[in-house]
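Only the coordinates and a few stated rules stand behind these numbers; no lab work does. None of the values given here were measured: they were computed from a predicted structure. No Cβ is skipped: glycine too gets one built from the backbone with ideal geometry, and neighbour counts run over all protein chains shown.
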Amino acid sequence: MKNLSPLQIERLKYQPKLPESLSSGINSLEVSEGSATESVRDQEQIKELFANTYGKPTVTFKKSSSSKQSPVRNVGVILSGGQAPGGHNVIAGLYDALKSANSENKLYGFLGGPSGIIEGKYIEFNDEFINAYRNTGGFDIIGSGRTKLETEEQFKSSLEVCKKLNISAVVIIGGDDSNTNAALLAEWFVKNNTGIQVIGCPKTIDGDLKNEQIEISFGFDTATKTYAELIGNIQRDANSAKKYWHFIKIMGRSASHVALEAALQTQPNITLISEEVEEKKMSLDSIISYMSDIIARRAENGKNFGIAIIPEGLIEFIPEMKSMISNLNDVMSSLEKDERYSSASQGEKFSIIENTLSSENAKVFSSLPTLIKSQLLMDRDPHGNVQVSKIETEKLLIEMIRTRLSEMKKAGKFSGKFADQAHFFGYEGRCAFPSNFDADYCYSLGYNAFALINNGFTGYLSSVRNLTDVASNWIAGGIPLTMMMNMEKRHGEWKPVIQKALVRLDGPVFKKLEEHREEWAMNDRYLFPGAVQYFGPSAVCDITTVTLQLERSKTLLNA
């Protein structure tokens, strides 16, 4: 093999572990059905929209003493949305199961995400091709994309491509939006008697695609371990140099699961949780006061250093910022067509906007540092909204804390020093070499996806549970995609979408952080997780996230 590192060579050899039920043979499975299901909310609306796929039971696979013959099937697979470690292993597991069922089966990969099935861009996998990607990170095997599958025209184009390739099932690997599209496609295929099945696989490093049947989305384990290693390295440096406060923004636009898990793995001095900020209606000023107080109290003890973890989406959870951004989205749509605004200088643009926003929102906008104001006025996203992910929240907090500490110093309430470093950890974790857990879990999800296809299911999400136990005891099965759905307003219209799972403030994971916050703030209880381990004792190489361990412990306790 050319251009491979020693680790790449060794990882290609790794054989992922499977649940015992699946390892017994793909054609020797018995299906156990649960009771009928309903959506998490808005049952009548969801039932009406998904008349052909709503209310199906959950299913679990068990070993069967008998074996059945599997007909020849061609299957298509799509990688959709942002990258997450382990995606290649989902495809490898799907391919191995498919070939195990019938050697004449074929697997096609649609290139560039959902647009591949619409435009008929694809490759056919073979052993040599698949073997080069086993246990590796990234989505480069076929690429990904964010095209939505939601219109009649797209569905018809997808059907024509499937007919051309004689495809009888499609597997969509993605997050909540991607699997919402999978549910829509499954419903359309059934409604139009196409005979084509659709199965989803739960992917997102954000960790917000989960419920009792989906204990964790794939990629979360590897990404959080990668971020935790980097945070641990910075903590070691901070504790050595003892002169910097490090503000670390960490990926997670809508939910703070990644920030929370990374904090539990490393025990920094400050951890902000977006859901808590929203629940407690914390203002930007109160957040600055909270952080400045910890910085000042540590300085009194001679500690002019520390670590602060900040979720990527924090700014949208601060009530006055959320209101201001919403107002800004509205006014910018008209201002950008105004010649007077487009030809104005930056300072003049700020003044025009402040005079156009409501008085309260103008006051918030005016209070922001120039850097953040500029980022708020950058190019809109495709829907005309502020690109919040491009706002350097960590730098906003630094600027405002620096100002606050200066005021405190003049008032004799701060006598320490404040020097800062800003970081953003995002892309660093999305394509990392998958951990043993993610390599095993993803392979099982893909293998299980074909088990669902092989047993005639459609509109289901591949589900592998009991994940804190050894892999042989994992429980394989599936849940109806409609079970996770509710209605939400998107761009002025009510749409069916899979409900995001946000951090639960009454849950065991947040409670763990809350319990130790003050101790971690004032004392240096830093943990240094180090790099993801692939070889060695199971206690080091196969451990799951703190989040999953805490959530499963509570589930088992209540069982």
In the range 501-559, how does Rg compare with the Kirkwood Rh, expressed as the Rg/Rh ratio over alpha carbon atoms?
1.04
At a 10 angstrom cut-off on C-beta neighbours, averaged per residue, how do the peptides 535-541, 231-237, 349-355 rank from highest to lowest?
231-237, 349-355, 535-541
Within straight-line cross-link reach of K164, lysines at Cα separation under 17 Å, skipping those fewer than 8 residues along the same chain:
K106, K121, K156
Cβ neighbours within 10 Å, averaged per peptide: list 83-94, 290-301, 328-339 in order, most packed at the top.
83-94, 290-301, 328-339
Could you grab the relative contact order for the chain? Cα pairs under 8 Å, six or more apart, rounded to a whole percent.
24
Can you give the Kirkwood hydrodynamic radius for the range 186-257, in Å, rounded to one decimal and based on Cα pairs?
15.6
Counting only other residues whose beta carbon sits under 15 Å from that of Q549, what net charge do I get with K and R as +1, D and E as -1?
+1
Relative contact order, percent, the range 1-87 [alpha-carbon distance under 8 Å, six or more residues apart]:
32
Could you list, in their original order, any pairs among K148/K191; K363/K495; K68/K500; K225/K495; K281/K303 whose Cα atoms are separated by more than 27 Å?
K363/K495; K68/K500; K225/K495; K281/K303
How far, in degrees from 0 to 90, does helix 393-410 lean away from the longest principal axis of the Cα atoms of the chain, to the nearest 10?
20
Against the longest principal axis of the chain, how steep is helix 346-356, in degrees 0 to 90 to the nearest 10, with axes from Cα atoms?
80
What order do you get for T370, T482 when you list them from fewest to most C-beta neighbours inside 10 Å?
T370, T482
Output wanted: per-residue J couplings in Hz (rounded whole) for the range 523-533, from phi through Karplus 6.51 cos²θ - 1.76 cosθ + 1.60, θ = phi - 60°, x for Gly and Pro.
10, 8, 9, 4, 10, 10, x, x, 5, 4, 9
Counting only other residues whose beta carbon sits under 12 Å from that of F317, what net charge do I get with K and R as +1, D and E as -1?
-3
Using alpha carbon centers only, the range 1-78 is separated from the range 325-359 by a whole-angstrom value of 51
Local electrostatic count at N135 - Lys and Arg +1, Asp and Glu -1, tallied over other residues with Cβ under 15 Å
-3
Stokes-Einstein D for the range 360-473, Kirkwood Rh over Cα pairs, 20 °C, 1.002 mPa s (µm²/s)
109
Under-5 Å amide H pairs with G55, H placed in peptide plane, nonlocal only:
T37
Which whole-number percentage describes the relative contact order of the range 61-196, with Cα contacts under 8 Å and a sequence gap of 6 or more?
32
Taking only Cα atoms, what is the 0 to 90° angle, nearest 10, from helix 546-558's long axis to the longest principal axis of the chain?
70
Straight-line reach only, C-alpha to C-alpha below 23 angstrom: list the lysines that K337 could link to, leaving out same-chain residues fewer than 8 apart.
K349, K373, K390
Starting from the Cα of K203, draw a straight line to each of the aspartates and glutamates and keep only those under 18 Å, dropping any in the same chain fewer than 8 residues away.
D140, D176, D177, E212, E215, D221, E261, E428, D438, D440
In what sequence, highest mean first, do 38-47, 128-137 appear when ranked by Cβ atoms within 10 angstrom?
128-137, 38-47
Compute and list, largest first, the equivalent-ellipsoid semi-axes of the range 110-229 from the alpha carbon gyration tensor, each √(5λ) rounded to a whole angstrom.
27, 19, 12
Whole-Hz Karplus couplings 3J(HN,Hα) for the range 27-42, θ = phi - 60° and coefficients 6.51, -1.76, 1.60, Gly and Pro as x, run 9, 10, 10, 10, 9, 10, 9, x, 7, 4, 10, 9, 5, 5, 8, 6
Report the antiparallel proportion of the DSSP beta bridges in the chain as a percent, rounded to a multiple of 5.
40
Please list, in order along the range 169-182, the HN-Hα scalar couplings obtained from phi with the Karplus expression 6.51 cos²θ - 1.76 cosθ + 1.60 (θ = phi - 60°), rounded to whole Hz, x for Gly and Pro.
7, 10, 10, 10, 9, x, x, 5, 5, 5, 7, 5, 5, 4
Among D176, D440, D96, which comes first, then next, by fewest other beta-carbon atoms within 10 Å?
D96, D176, D440
Distance histogram for the range 300-396 (every C-alpha pair counted, 5 angstrom bins, percent rounded to whole numbers)
2, 12, 22, 25, 17, 8, 5, 4, 3, 1, 1, 0
The range 83-130: C-alpha gyration tensor shape, a/c 1.5 cut-off, then a/b vs b/c:
oblate
I'd like the Kirkwood hydrodynamic radius of the chain, using the inverse of the mean 1/r over distinct C-alpha pairs, in Å.
25.1
Can you tell me the dipole magnitude for the chain around its Cα centre, using point charges on the Cβ only (Lys, Arg +1; Asp, Glu -1), in Debye to the nearest 20?
800
A chain fully extended from C541 to K242 at 0.36 nm per residue, minus the present Cα-Cα distance, gains in nm 104.5 nm
Can you grab the distance from the C-alpha centre of the range 91-154 to the C-alpha centre of the range 486-559, Å, no decimals?
30
Calculate I(q)/I(0) for the range 445-488 by the Debye formula, one identical point scatterer on each C-alpha and no solvent, and give its log10 at q = 0.21, 0.34 Å⁻¹ to two decimals.
-0.71, -1.15
